[in-house]
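The next block holds one structure in the form of structure tokens; read it before the comments.
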Amino acid sequence: MTGKFTLRTTAALTGGLALAASLTACGGGSTTAGADAKDGGGEKVVTVYSADGLKSDKGDGWYDKVFAEFTKKTGIEVKYVEGGSGEMVQRAVREKTNTQADVLVTLPPFIQQADGKGLLQAYAPQGSDKVNGADKAADGKWTSVVNNYFGFVYNKKELGQAPRTWEELLDAKYKGKLQYSTPGVAGDGTAVLIKSMHDFGGKEPAMEYLKKLQANNVGPSSSTSKLAPKTDKGELLVANGDVQMNFAQSKSMPNLGIWFPARDGGKPTTFALPYAAGLVAKAPHAENGRKLLDFMLGEEAQKQVSEIGGGFPARADVKPTDANAIELTKLMAGVEVFQPDWADVDKNFTAHVDAWKSATGS
């Protein structure tokens, strides 16, 4: 692949929680896959493998609330395993001959990667017809359950105000005080590559920049969620993240601020990075997995995405007006949102990660 990174349309976000302008079209119908041959024999349990960000250590996250309500309503216990997006896919691959997970939730491009590795089976949950076509697979293999955007965090106490550009992060004051999660392992880490390639105009200039940035980088991190607490404490001044996770974390981390890097002379940019869920192929409790997916896309759960989870509903017909929704709208105002070509990202995934490893010596 040359230095050109394939992108689709670019749009500016300026208003309402309908702010997911590129995420709000409706379409498609719901289809139900036939019962899996290995369906748990009526066992009242469902196992979820998920990227981090939606569950809280304090028990007040979106997953905490939704899983508790699901268990209360159905009697089905939710067993939960968390890690980086790539880590969860790799684990599911290793277990292919003895499948443990029923539902897999990752950020792009890892959900596409999971599909390509044969880890998912078709199931369009109830309510998925209200999810924009760009945020679900045409064949029903996965659908977004929480919309989200890529971003960075900074320590408000130490810096006073957020950096504005990528170039500012090369300053010596960030040496040993900057960290981003590992591309190819963490979804938000891979997002660093996607955004930098967009902002710098291609793979080569992006890698040239990241090579320079490595002088300030603390080193690898398999999980992005661990970086926000370090930033809040001042161990780091800047780290990568995503809006939903960091907004939720900021409620208990007073020094944590969210920002979106711009290229010097350009506008701040971001792109949608939704939590996408799919039913695992040969799931041991497939029917329970279907029920959980239906529940997560239900109107009530979707209304709680902003109020409890600090994210954006995946369903276009759910338009929350709670205080968090209003604050999130303000946060995203004036930020230019571009649409990656996820098929291209998936196709060139290994090449992108290898280029980053070569550039940074990682």
Eligible aspartates and glutamates near Lys282 by straight Cα distance, threshold 16 Å, same-chain separation 8 or greater
Asp36, Asp39, Glu43, Glu95, Asp102, Asp115
The distance between the Cα centres of the range 307-333 and the range 253-292, in whole Å, is 14 Å
With the 8 Å Cα cutoff and a minimum separation of six or more residues, the range 150-270 has a relative contact order in percent of 46 percent
Most to least packed among 177-190, 337-350 [average Cβ atoms within 10 Å]:
177-190, 337-350
Relative contact order of the chain, please, whole-number percent, based on alpha carbon pairs below 8 angstrom and at least 6 residues apart.
31 percent
Expected sort for 91-100, 163-172 on mean C-beta neighbours within 10 Å, highest first, is 163-172, 91-100
If you take every residue apart from Lys303 with its C-beta less than 14 Å away from the C-beta of Lys303, what net charge results, scoring Lys and Arg +1 and Asp and Glu -1?
-2
What net charge do the residues around Gly184 carry, taking every other residue with its C-beta under 14 Å from that of Gly184, with Lys and Arg at +1 and Asp and Glu at -1?
-3
Given the chain, what percent of its DSSP beta bridges are antiparallel, to the nearest 5?
65 percent
Point-charge dipole on Cβ atoms (K/R +1, D/E -1) for the range 150-270, about Cα centre, debye to 20
240 debye
If you take every residue apart from Ile258 with its C-beta less than 13 Å away from the C-beta of Ile258, what net charge results, scoring Lys and Arg +1 and Asp and Glu -1?
-1
Over the range 56-133, relative contact order from alpha-carbon pairs under 8 Å, at least 6 apart, %:
19 percent
At a 10 angstrom cut-off on C-beta neighbours, averaged per residue, how do the peptides 142-152, 245-255 rank from highest to lowest?
142-152, 245-255
Excluding same-chain residues fewer than 8 positions from Lys226, which lysines have a Cα within less than 16 Å of its Cα?
Lys55, Lys58, Lys177, Lys251
I want to check the label-to-label distance for Val218 and Lys347. Put each point 7 Å from Cα in the C-beta direction and report it in nm to one decimal.
3.7 nm
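No lab work stands behind these numbers, since they all come straight from the coordinates. In this text, all values refer to a predicted model and were calculated from it rather than measured experimentally. Cβ: placed from backbone, ideal geometry, glycine included. Neighbour counts: every protein chain shown.
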